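Derivation of every value follows stated rules applied to the coordinates shown; laboratory data play no part. What you see is a predicted model; the values in this text were computed from it and never measured. Cβ coordinates were reconstructed from backbone atoms using ideal geometry, including for glycine residues, and neighbour counts include every protein chain displayed.
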Amino acid sequence: MTEQRPADSISHIPPAVSPSIGTTLRDHVLAGMRAAPGATGEFTSLLSHISLAIRIILSRVRQAGLANLLGYTGETNVQGEAVQKLDEFANDVLMNVLERSGHCGIIGSEELETARTAGHPGKYIVLFDPLDGSSNIDVCSTIGTIFAVLRRQDPLSPPSVNEALRPGRDIIAAAYVLYGPSTVMVLTTGQGVHEFTLDPNVGEFFLSRANVRCPERASMYSINEGNHARWTEGVQKWNEWIKRDDPANGAPYNHRYVGSLVADAHRTLLKGGIFAYPADKKSPGGKLRLLYEANPMAFIFEQAGGMATNGADRILDIVPNALHMRTPLVLGSKFDVQTFTEFATGKR
Ligand code: AMP
Ligand code: P6P
């Protein structure tokens, strides 16, 4: 017969030293759900599905050069751009996961000619650039994914592609992911901006910066200087102004430009200053897309105390007229975006 251990023998075993586990993305989103009155969990499930898609995309980005995933498919997308194999893969993964989630009635992607309605009503609209900065893929520079989530106004009605054409002020969640030296997701659901870093050994995103704030101003600017001759006179004057030799007033500014919106925006969010892709003679309506590049970035920057205009007006107030509508984008610290806007609109 086994000897009965005294009842209190267990209490002598010291409690396991719990490792200092950080806050996961899942913890953060679940806390948001508990704080949302009447939440059913659909929104949380949608974000969880998107997180899965991001991790699948990442797995291929990290092995691109070895898995014959670099280079082009030979097709041209609706933007008239050569489609990279990873562009297509990332788009397919996001489409598949979002349709499977059952929460997404309408999907809009840079890689799709028109918005896609799911076979079921679905409560949400998700708009995304599956792989931003793809021209940097083959040279191993930072690329990323950008997405925005909106609520459908009548979730039970049959989805219609035109529902995607809503101004950015209607966004309820936005994020970008950087596939860089580490994999970082910057997310807002309307309660501040939070940065999560993927622990590749665990396969989880952990909170790395809570309540990210964009500095009020900084002497850093990010623009493709090669377009100088095509800019308006006002933008050229701004460009001369930030390069003047005036150390007492933070000039000249330092110049940084990766050529991936996600990389240039993330540096600007954390360090401050300004990113600008203004209208120019070649792109009179701007180059960047409103619905799945400028709007999500603008929502994130405003949530972080920054600012986003098209060189004159607030990005989030622009009413889209087409899924792939382009816009000039000026993003960053309030002081720097306001100064740019004053030059661009002839007030300085
Ligand atoms: P649901 O019923 O889960 O679709 O959520 C309804 C609404 O509550 C969403 O559209 C959000 O505005 C809000 N909400 C739900 N879950 C969350 C969350 N995890 N974080 C932030 N907001 C949330
Ligand atoms: P340019 C990448 O192709 C992209 O769409 C954005 O990620 C980036 O900010 C911009 O274009 C770079 O454009 O004309 O400077 O190469």
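Ranked highest first by average number of other Cβ atoms within 10 Å, how do 190-197, 157-164, 107-114 line up? Don't skip to the answer; put the middle values down first.
Numbers: 190-197: 18.6, 157-164: 15.4, 107-114: 20.6.
Top of the packing list down: 107-114, 190-197, 157-164.
May I ask you to list the residues of region 296-317 whose amide nitrogen lies under 18 Å from a point 7 Å from Cα along the Cα→beta-carbon direction of residue 257?
311
Highest mean first, how do 265-274, 174-183 rank when packing is the count of other Cβ atoms within 10 Å averaged over residues? Could the numbers behind the result be given before it?
Details: 265-274: 23.5, 174-183: 21.6.
Taking the mean over residues of other Cβ atoms within 10 Å, the ranking is 265-274, 174-183.
For region 232-321, what is one quarter of the convex hull surface built on the Cα atoms, given in nm²?
Values: hull surface 26.4 nm².
Projected over every direction and averaged, the Cα hull of region 232-321 covers 6.6 nm².
Mind ordering 124-137, 331-344, 29-42 by average Cβ neighbours within 10 Å, highest first?
Values: 124-137: 24.5, 331-344: 22.5, 29-42: 12.4.
Output ranking for 124-137, 331-344, 29-42: 124-137, 331-344, 29-42.
Once you treat every alpha carbon in region 141-285 as an equal point and sum by Debye, what is log10 I(q)/I(0) at q = 0.10, 0.15 Å⁻¹?
Computed log10 I(q)/I(0) values: -0.49, -0.97.
Looking only at Cα atoms, what is the convex hull volume of region 20-209 per residue, in Å³?
124
Can you count the Lys pairs in the chain whose Cα atoms are under 28 Å apart, with each pair 8 or more apart or on different chains?
Count of close lysine pairs: 24.
What is the magnitude of the charge dipole of the chain about its Cα centre, with +1 placed on the Cβ of each Lys and Arg, -1 on the Cβ of each Asp and Glu, and no other charges, expressed in debye to the nearest 20?
Working: 33 positive and 36 negative charges, 111 e Å.
That gives a dipole near 540 debye.
Suppose a student asked you for the relative contact order of region 20-209, using Cα pairs under 8 Å spaced at least 6 residues apart; what percent would you report? Mind showing how you got there, number by number?
Numbers: 337 pairs, mean separation 31.4, N = 190.
Relative CO of region 20-209 lands at 17 percent.
Out of residues 5 or more away from residue 124 or on other chains, whose amide H comes under 5 Å of its own, with H placed 1.01 Å from N in the peptide plane?
104, 105, 106, 152
Which value, in debye to the nearest 20, gives the size of the charge dipole of region 202-316 about its Cα centre, when Lys and Arg are +1 and Asp and Glu are -1 at the Cβ? The partial results should precede the final answer.
Values: 15 positive and 12 negative charges, 23 e Å.
For region 202-316, the charge dipole is close to 120 debye.
Choose one of 321, 221, 298: the residue whose Cα lies farthest towards the positive end of the charge dipole of the chain (beta-carbon charges +1 Lys, Arg; -1 Asp, Glu; about the Cα centre).
The residue sitting most towards the positive pole is 221.
If each Cα of the chain is one equal point scatterer, what is log10 of I(q)/I(0) from the Debye formula at q = 0.12, 0.13 Å⁻¹?
-0.86, -1.00
Can you give me the span-like helices of the chain, meaning DSSP H runs with 27 Å or more of Cα extent along the axis and Kyte-Doolittle mean at or above -1.0?
Values: long enough: 42-61 (28 Å, 1.12).
Helix filter hits for the chain: 42-61.
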